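Peer 1: First, the structure itself, so that you have it in front of you.
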Amino acid sequence: MTLDAAPSSPRRGFGGDTILTIVILAGLGLYAGIFASPYGLRVLTLAGCQALLVLGYQFIFGHAGALSLAQGAFFGLGAYTTAILGAHYHWGFAVTFPLSILVPLAIAGAVAVATLRLASHYFALATLGLAQVALLVVVNAGDWTGGALGLTGVPGISLLGLTVSRGLPLTAVVWGVVALGVWLAWRLTRGLTGIAYAVLRSDPLAASAIGLAQSRLRFAAFLLSAGYAGAAGALQAHTIGVVSSETLEFSAMVTCLAMTVIGGSTRIPGALIGALLLTYLPEWLRFLEDRALLAYGVALLAMIIAAPEGIAGLIGRVLAPRPRASRLPTPASVPLQTAKSAPLEARSLRKSFGGVVALDGVDLVIEPGEILGLIGPNGSGKTTLANVISGLVAPDGGVMRLGSRNLRTLSAEQIARAGIARGFQTPALPPSLSVLELVALARASNAGTIGFLPSLRGRDAGRPRRRFEAEALDLLVRVGLSTDANEPCGALPARLAWRIELARALALDPVLVILDEPAAGLGEGEQAQLGTVLREIASRGIALLVIEHNMPFLIPTASRIMVLDQGRVISKGRPAEVLRDPAVIAAYLGLETIPA
Amino acid sequence: MVTVLQLALNGLALGAAYALVALGFVLVLNATGAVNFAQGDLVMAGGYGAAVFASLLAVPGLALLPIVIAAMALLGLAVAALAYFPLMRRPATAVFVSTIAIGLVLQNAALALFGPEPRAAPPVWNNDPLRWGELALSSQALAVIAVAAVLVLGQGWLLARTRLGRDLRATAQDREMAAALGIRVNAMIALSFMLAAALAGAAGALLANQFFVTPTTGGALILKAYIAVVIGGWGSLAGAVVGALLVGLFETVVAAAVSYTAASALLYAALLLILLLRPQGLFGEAEGRRA
């Protein structure tokens with residue numbers, strides 16, 4: 001997850017994690033087939049149920065970075081669905097198993113619609129509330145659930161007339177489902193979608209800048225986690241034959257959390273290691289008796305502080321201390337522009353923060369292919385205007401259109417996908433992602449291939465991914481960054497930030513690019529290069545809105561300049577005209593002329 | 001009529017204890033942006049603290065309270081040192097997990113030390129009801145309300161009227177700006193954890209007379225404190241107190257009329273509804289967002 005401020009992006013191809021996963025599964029197969037006693041098989045089967053639960057939890061907690069406290073409840077819901085339908089109504093596995101997945105899915109869907117939008121602790125406590133309601137219902141609906149005593153008589157698994165007997169066959173079926181879950185999780189997270197989740201949790205602003213639909217991504221992760229939990233609960237009910245309300249208690253949830261953190265929260269072998277370790281630990285450490293939870297607590301705290309990437313991460317570090325730098329692809333030309341070019345038009349934009357008026361009726365038109373410079377004293381509303389246009393701040397009033405499209409009804413991500421891309425005053429670049437990965441991700445986001453459905457169809461990995469990277473490299477060449485493409489964003493000097501941000505913006509096939517003080521901190525040579533690149537982009541019909549204090553840079557670069565003061569447009573026109581405007585000179589108080 | 005009055009008094013007493021928990025919750029949330037999931041277990045620790053000190057010293061609960069509060073403040077410092085400061089540069093979720101771990105350790109340490117049987121703390125003064133003619137009111141409930149009121153008002157005075165409180169509020173509002181003004185931000189955060197634990201401990205000592213204390217007492221409290229905070233709106237101390245009183249009253253009345261389970265279920269359902277419909281709290285303002 002998440003627990004790491006700078007998550008490493010998933011490595012490509014047939015990497016260490018894949019090998020580790022196969023080794024673990026093969027080792028377990030060997031142990032189960034040759035050495036295990038009946039009791040050993042039973043413990044192994046239960047560990048399989050936990051592994052499935054943790055694999056699912058990795059989606060919401062590890063990849064999406066949201067603390068759900070309902071994973072135990074979804075597990076319990078799956079277990080009770082199987083138990084009630086099997087014990088009371090004698091329904092078969094072919095019906096009860098899918099239903100045990102669907103019931104938690106439906107409840108997760110209903111809760112998620114509103115809560116996933118909300119930040120961190122809202123979601124954590126809302127899911128905790130859900131878990132408590134589930135526990136209360138189960139304990140008090142005794143006729144159905146057996147109350148606090150639990151429900152006995154859950155039948156074994158039988159499918160197509162075949163009955164799976166306890167022992168090796170049951171172990172094989174459960175671990176077969178685990179292997180299926182592993183395959184699905186690998187398929188969903190190996191490509192650019194896995195990287196998209198890393199951006200989502202480490203830098204939400206960067207995620208919205210490349211048009212990632214954050215709520216949709218988190219929603220999908222939450223549903224997957226609920227589905228896996230339901231399947232795990234159903235299998236455990238079949239294995240033990242009894243379901244009790246203990247499965248819904250907070251301690252079961254915390255055990256799942258501890259397995260995930262200790263094993264490693266974004267890596268597939270981590271789920272297997274965490275589940276196996278914490279299932280076997282109480283077996284090995286009998287002297288702990290019922291102090292296992294105390295040990296879990298201490299281990300959880302120690303891991304989250306000392307090794308947030310978990311045991312799987314530690315193993316990965318030992319096996320591959322340095323990620324291999326992959327060879328750069330051959331650039332594939334991206335046609336800059338732009339069938340969708342359209343003017344941006346804003347009228348009477350207003351925005352106040354508390355009593356402070358940041359925008360006081362701003363009118364603005366930016367035509368395709370023009371570079372509009374936006375200047376004004378500090379606090380005049382420049383960045384607020386950029387934030388309003390890009391959808392990060394909702395205006396209090398006014399009209400905003402791109403061509404015929406009303407921007408006021410769109411979210412920041414939708415505005416980015418509609419063709420308004422932007423860079424930030426403090427660049428929003430996920431430090432551990434390579435430049436190439438970031439721009440390729442933006443390219444994939446623009447093509448609509450980020451998400452679990454596209455990744456299931458392989459549209460964000462393998463050959464499609466290589467095509468996105470080739471296009472990304474073409475854009476990086478255009479902004480003069482090709483040789484550093486494999487470097488992590490965080491390792492590059494700040495003076496290169498504008499190039500990364502511009503390449504990321506161009507990856508969205510933009511109609512309009514907004515830049516906030518791109519020339520800040522640049523030497524004269526770099527400023528000249530920036531100007532050249534911006535004019536080249538504008539010549540392709542892309543509009544640019546450039547916020548800048550640096551007049552020697554802006555005057556030769558901009559086609560027009562607009563001046564904001566206290567939230568109002570006090571002047572606009574060609575650079576030379578604006579500089580002579582008395583109102584502008586008065587606004588820059590104390591200056592006889594504007595520094596030119 | 002008499003029953004209604006007694007019921008309302010019990011509800012207010014419960015709400016007053018919840019208010020202490022909720023105040024500590026808001027203090028830490030504002031100072032760090034992170035939820036202290038161990039807050040409920042700190043209440044439990046305070047309850048055991050009071051029970052243990054009572055078995056060593058034969059004095060009324062009121063005299064034990066300062067000892068419990070001081071010991072709990074130290075525990076709060078330990079929580080900050082273990083669960084917050086090593087993780088302060090990580091996403092808030094990391095602190096959620098570390099405080100959950102602390103809660104787990106506290107719960108199971110209590111189980112190991114004291115076993116699962118409920119323990120009771122001594123009453124604040126004594127348990128003799130106060131009588132006016134036919135009217136008999138629980139003196140414990142009145143004492144709980146009085147003690148909680150003193151602590152809440154003391155907290156309000158500290159935050160509003162003292163230099164220390166001003167530094168605490170500045171830290172909560174904008175940590176970088178506070179640091180630039182020369183406020184020792186880390187000390188203020190540690191102090192917030194200490195105050196939160198002290199308030200939780202006081203609540204534990206007050207609750208553990210009528211409601212007893214078991215190792216798992218804390219679990220439900222974190223949700224109730226959160227519900228109080230959500231009702232009251234974020235960051236508002238007065239709102240959290242009002243929310244806590246409402247939660248206590250509601251729980252007591254519904255538990256008496258229907259059942260304790262029904263009261264809890266309705267509260268949690270209300271939490272979900274509020275989060276779905278008005279995440280900024282019933283009385284709160286919408287939060288702004290900086291880009």
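Peer 1: Mind checking the dipole of chain B: about its Cα centre, +1 per Lys or Arg Cβ, -1 per Asp or Glu Cβ, Debye to the nearest 20?
Peer 2: Taking the Cα centre of chain B as origin, the dipole is about 720 debye.
Peer 1: In nm, to one decimal, how far is the B:M177 label point from the A:H88 one, both placed 7 Å along Cα→Cβ?
Peer 2: Between B:M177 and A:H88, the simple spin-label model gives 5.7 nm.
Peer 1: Reachable lysines from A:K351, Cα under 25 Å, same-chain residues fewer than 8 places away excluded?
Peer 2: A:K382, A:K572
Peer 1: Picking from A:G458, A:T239, A:L385, whose Cα lies most toward the positive end of the charge dipole for chain A (charges on Cβ: Lys, Arg +1; Asp, Glu -1)?
Peer 2: A:G458
Peer 1: How do A:430-441, B:259-270, A:552-563 rank on mean C-beta neighbours within 10 Å, highest first?
Peer 2: The packing order, highest mean first, is A:430-441, A:552-563, B:259-270.
Peer 1: Please state the equivalent ellipsoid semi-axes for the range B:121-193: what are the square roots of 5 times the Cα gyration tensor eigenvalues, largest first, in whole Å?
Peer 2: Working through the eigenvalues yields semi-axes of 41, 12, 7 Å.
Peer 1: Please turn the phi angles of the range A:33-44 into ³J(HN,Hα) values with the Karplus equation 6.51 cos²θ - 1.76 cosθ + 1.60 (θ = phi - 60°), one per residue in order, whole Hz, x for glycine and proline.
Peer 2: Going residue by residue, I get x, 10, 9, 6, 7, x, 5, x, 5, 5, 4, 4 Hz, with x marking Gly and Pro.
Peer 1: For the protein assembly as shown, what is the charge dipole size about the Cα centre, in debye to the nearest 20, if Lys and Arg each add +1 at the Cβ and Asp and Glu each add -1 at the Cβ?
Peer 2: 1460 debye
Peer 1: Now for a separate question. Give me the one-decimal nm value for the distance between modelled label points at A:S482 and A:R401, 7 Å along each residue's Cα-to-Cβ direction.
Peer 2: 4.2 nm
Peer 1: Once you list every other residue whose beta carbon is under 12 Å from the beta carbon of A:R347, what net charge do they have if Lys and Arg are +1 and Asp and Glu are -1?
Peer 2: Residues near A:R347 contribute +1 overall.
Peer 1: Moving on to the next point. Which residue, chosen from A:F93, A:F219, A:V365, occupies the Cα position most advanced towards the positive end of the dipole of chain A, where the dipole is computed from +1 (Lys, Arg) and -1 (Asp, Glu) charges on Cβ about the Cα centre?
Peer 2: So the residue we want is A:F93.
Peer 1: Work through the residues other than A:G376 whose Cβ is under 13 Å from its Cβ and net out their charges, Lys, Arg +1 and Asp, Glu -1.
Peer 2: Neighbour charge sum, excluding A:G376 itself: -3.
Peer 1: Okay, moving on. Figure the gain on full extension for A:L285 and A:T152 (residue separation times 0.36 nm, minus the Cα-Cα span) and round it to one decimal in nm.
Peer 2: 45.0 nm
Peer 1: Order by neighbour count: A:S455, A:S208, B:S138, A:S37, fewest other Cβ atoms within 10 Å first, most last.
Peer 2: A:S37, B:S138, A:S455, A:S208
Peer 1: Still on this model: With only Lys, Arg, Asp and Glu charged, each at its Cβ (+1 for the first two, -1 for the last two), find how big the charge dipole of the range A:16-319 is about the Cα centre; round to the nearest 20 debye.
Peer 2: In total the dipole reaches around 540 debye.
Peer 1: How many angstrom lie between the C-alpha centres of the range B:236-267 and the range A:58-90?
Peer 2: 29 Å
Peer 1: Turning to a different aspect of this structure: Calculate, for A:L328 and A:V113, the FRET efficiency according to 1/(1 + (r/R0)^6) with r their C-beta to C-beta distance and R0 51 Å; round to the nearest 0.05.
Peer 2: Calculated transfer efficiency: 0.75.
Peer 1: Mean residue ellipticity at 222 nm from the helices of chain B, using -39,500 (n - 2.57) per DSSP H segment of n ≥ 4 over the full residue count, to the nearest 500 deg cm²/dmol?
Peer 2: It comes out at -25000 deg cm²/dmol, rounded to the nearest 500.
Peer 1: Please compute the alpha carbon radius of gyration of the range A:16-319, then divide it by the globular-protein estimate 2.2 N^0.38 Å. Two decimals is fine.
Peer 2: 0.96
Peer 1: A further question on this structure: Calculate the FRET efficiency for B:L74 and A:D143 from the Cβ-Cβ distance with a Förster distance of 60 Å, rounded to the nearest 0.05.
Peer 2: After rounding to 0.05, the efficiency reads 0.75.
Peer 1: Over all directions, average the projected area of the Cα convex hull of the range A:255-312 and note it in nm².
Peer 2: 3.4 nm²
Peer 1: Which part of the range A:339-360 falls in the paramagnetic zone of A:A586, meaning amide N under 19 Å from the point 7 Å along Cα-to-beta-carbon?
Peer 2: Taking a point 7 Å out along Cα→Cβ of A:A586, the residues of the range A:339-360 whose backbone N falls under 19 Å are A:360.
Peer 1: Using Stokes-Einstein with the Kirkwood hydrodynamic radius over Cα pairs, what translational diffusion coefficient do you get for the range A:427-494 at 20 °C and a viscosity of 1.002 mPa s, in µm²/s rounded to a whole number?
Peer 2: Estimated diffusion coefficient is 174 µm²/s.
Peer 1: To continue, here is another question. Within 10 Å of each residue's Cβ, count the other Cβ atoms and sort A:Y280, B:Y18, A:Y122 from fewest upward.
Peer 2: Ascending number of Cβ neighbours within 10 Å: A:Y280, A:Y122, B:Y18.
Peer 1: Once every DSSP H run of n ≥ 4 in chain A is given -39500 (n - 2.57) and the sum is divided by its residues, what mean residue ellipticity at 222 nm do you get, rounded to the nearest 500 deg cm²/dmol?
Peer 2: -17000 deg cm²/dmol
Peer 1: What is the sum of charges, Lys and Arg at +1 and Asp and Glu at -1, for the other residues whose Cβ falls under 11 Å from the Cβ of A:I315?
Peer 2: 0
Peer 1: Return B:V43, A:V164 ranked ascending by Cβ neighbour count within 10 Å, so the fewest neighbours appear first.
Peer 2: The fewest-first ordering by Cβ neighbours comes to A:V164, B:V43.
Peer 1: Relative to the present Cα-Cα distance, how much length would full extension add between A:R574 and A:R495 at 0.36 nm per residue of separation?
Peer 2: Between A:R574 and A:R495, full extension yields an extra 25.6 nm.
Peer 1: Rounded to the nearest 10 degrees, what's the angle between the helix A:524-539 long axis and the longest principal axis of chain A, both from Cα atoms, 0 to 90?
Peer 2: The angle comes out near 80 degrees.
Peer 1: For the range B:2-217, compute Rg over Rh where Rg is the Cα radius of gyration and Rh is the Kirkwood radius from the inverse mean 1/r over Cα pairs.
Peer 2: Using only Cα positions, Rg/Rh for the range B:2-217 is 1.01.
Peer 1: Please give the FRET efficiency for B:V150 paired with A:A520, using the beta carbon to beta carbon distance and R0 = 60 Å, rounded to the nearest 0.05.
Peer 2: Computed FRET efficiency for B:V150 and A:A520: 0.65.
Peer 1: Be a star and scan the range B:170-194 for residues whose amide nitrogen sits under 18 Å from the point 7 Å along the Cα-to-Cβ vector of B:R163.
Peer 2: B:170-171, B:178-189, B:191
Peer 1: Starting from 0 in steps of 20 Å, tell me what percent of the Cα-Cα pairs of the protein assembly as shown lands in each bin.
Peer 2: 14, 41, 33, 11, 1
Peer 1: So, one more: Count neighbours as other Cβ atoms within 10 Å of each site's Cβ, and list the GluC sites (Glu not before Pro) in the range A:496-579 that are DSSP loop with at most 11 such neighbours.
Peer 2: none
Peer 1: Now, a different point. May I ask you to compute the full-extension gain from A:V95 to A:Y39, defined as 0.36 nm times their residue separation minus their alpha-carbon distance, rounded to one decimal in nm?
Peer 2: Length difference between fully extended and current span is 17.3 nm.
Peer 1: Starting at 0 and stepping by 10 Å, how many percent of the alpha carbon pairs of the range B:170-249 end up in each bin?
Peer 2: Result returned by the calculation: 16, 36, 32, 13, 2.
Peer 1: Tell me the label-point distance for the pair A:V356, B:M88, using the 7 Å Cα-to-Cβ offset, in nm and rounded to one decimal.
Peer 2: That separation, rounded to one decimal, is 2.5 nm.
Where a number appears in this text, it was derived from the coordinates with a stated rule and is not lab data. Predicted model only: the values in this text are computed from it and were never measured. Ideal geometry is used to build each Cβ from the backbone, glycine not excepted, and the neighbour counts take in all protein chains shown.
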